[in-house]
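Structure record follows, encoded as structure tokens.
The values are calculated or read from the model by the stated rules, or taken from the named source; none is laboratory data. Bear in mind that the values here come from a model prediction, so they are computed numbers and not experimental data. FYI the Cβ positions are ideal-geometry reconstructions off the backbone, even for glycines, and counts take in every protein chain you see. In case anyone asks, the SASA skips ligands and DNA or RNA and just uses the protein heavy atoms, side chains included. Shrake-Rupley method; radii C 1.70, N 1.55, O 1.52, S 1.80 Å.
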Amino acid sequence: MSEENIDLSGQVGINLREIRKSKRMSLEELAAISNVSKLTLGKIERGETNPTVNILWKICRGLNIPLVSLLAFEENIEVHRFGSDYQFAGHNNDWFVEPLFKTHGTEWYRGCLEPNSEYSECHLAGSEEIVLVLNGQLEMKVGEKSHQLNQWDVIKFKGEELHTYINRSNEKVHLMLSLTYTTP
């Protein structure tokens, strides 16, 4: 599949339907455990909507699967161009994450945090996250501890712990992120 022909929303829908059916689950059952409406889930499965990262996280938590399971493409060589349209936005459109690759249980993402904003999340139990700051400064709060990170600094922590990315500057902060799960 060439870069120009990638339909991420459509692929997410196909993957979601396959995973849901493999678990022998109805849309109603998935809506109940994910706290995402049946209407929204149906639109996602049909590729009629581009879900936010928050919606995808809810679905993944409900299904107890890593996010990359919904975003997986089977390719031998993948190129992801910077600034592509394949991003998922946070609730306030101040956090953007772009899924890149999955290799041996590790998901790779490119992220961007808008100026003077923050974004919080946590992942499945047993996950580990690594964040590399590509530019600027980032405050990373993991649990109750805050860490000041500069360009090229890297932090590793348990992804299941609530963590917050904080950008107190007037410039966007770009990040590379990896998530590793103990169970695929």
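Selection over segment 51-75 of residues that are assigned to a helix (DSSP H, G or I) and out of contact with any Gly (no Cβ under 7 Å at 6 or more places or on another chain) gives a count of 13.
Scanning segment 94-137 for residues that are among the aliphatic types (A, V, I, L, M), touching a residue at least 60 places away in the same chain (Cβ under 8 Å) and not in a loop (DSSP other than H, G, I, E, B) yields VAL97, LEU113. Looking at SER169, SER146, which is the one that is in a strand (DSSP E or B) and over 17 Å from the mean Cα position of the chain (by Cα)? Of the residues listed, the single one that is in a strand (DSSP E or B) and over 17 Å from the mean Cα position of the chain (by Cα) is SER146. Checking GLU171, GLU139 one by one, the residue that is modelled with pLDDT of 95 or more, open to solvent by 10 Å² or more (accessible area, probe 1.4 Å) and in contact with a strand residue (DSSP E or B) (Cβ under 6 Å, 6 or more places away or on another chain) is GLU139 and no other. Set side by side, the residues GLU18, GLU48, GLU29 differ, and just one is acidic (Asp, Glu), assigned to a loop (DSSP other than H, G, I, E, B) and either open to solvent by 40 Å² or more (accessible area, probe 1.4 Å) or at pLDDT 85 or above (or both), which is GLU48.
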